[in-house]
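Read the structure below first, then the notes.
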Amino acid sequence: MNFRQMVGFWFLIGLALWGCSGAQTPSNSVWTAQPEFFEVDNHLLSARIEPKKGQYPFYDFFLLTLTNKSSTDLTVDWNASRYLLDDKPEGVLVFEGIDPAAVKSATVPPETVAPGAVFSIKIMPMRLVAWSPMKSNTSSNRSLYPGMLPVGENGIRLAVRHENEIITIPLSVHIFRESKP
């Protein structure tokens with residue numbers, strides 16, 4: 001082994017050890033949200049988002065709950081609803097079972113919530129998800145893998161139709177990340 005190879009070898013060993021050191025990673029952090037959930041409540045509806053953790057210690061999706069308090073249907077317009085990061089729109093929202101082609105063409109079917117009904121769904125920002133590969137030409141064989149919601153103000157701008165009116169409801173929480181002691 002010549003001198004260059006020896007230096008290269010020790011450089012790679014040092015790099016590997018540095019990479020395994022106590023650097024902050026999503027897994028060795030404590031993730032919290034303030035408030036734990038956010039809710040808007042008025043005479044027509046109650047809308048609530050709560051960031052949730054899947055199989056990892058970080059937040060990776062929202063649980064959206066919508067209660068229709070009116071006497072007519074409410075309709076969630078997924079094509080007009082947006083993920084918000086630090087109060088700026090950062091793309092569309094997706095959920096398990098959504099057709100990727102409908103997302104791409106902005107033709108996601110609306111969700112109708114009947115009077116007195118409660119609708120609940122896990123949603124996530126499209127920009128943070130990974131799609132499983134298609135096994136055939138059917139969209140039912142695709143799954144979503146949510147990504148980590150970043151530190152900062154995270155939320156949604158929910159677009160709901162009531163009769164002929166579109167109501168936009170901003171809902172957000174602040175996500176914090178601290179190193180474990």
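Since every read-out is calculated from the coordinates, none of them should be taken as a lab result. As the structure is a prediction and not an experimental result, all values here were calculated from the model.
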Check: Hey, how much of the P(r) for segment 48-136 falls beyond 23 Å, as a percent of Cα pairs?
Finding: 29 percent
Item checked: Whichever lysines have a C-alpha closer than 26 Å to that of K52, once near sequence neighbours (fewer than 8 apart) are set aside -> K69, K88, K104, K122, K180
Margin query: Could you tell me the relative contact order of segment 29-126? Use alpha-carbon pairs under 8 Å, at least six residues apart, and round to a whole percent.
Written below: 29 percent
Item checked: Extended-chain gain in nm, criterion 0.36 nm per residue less alpha-carbon gap, N28 and D77 -> 13.9 nm
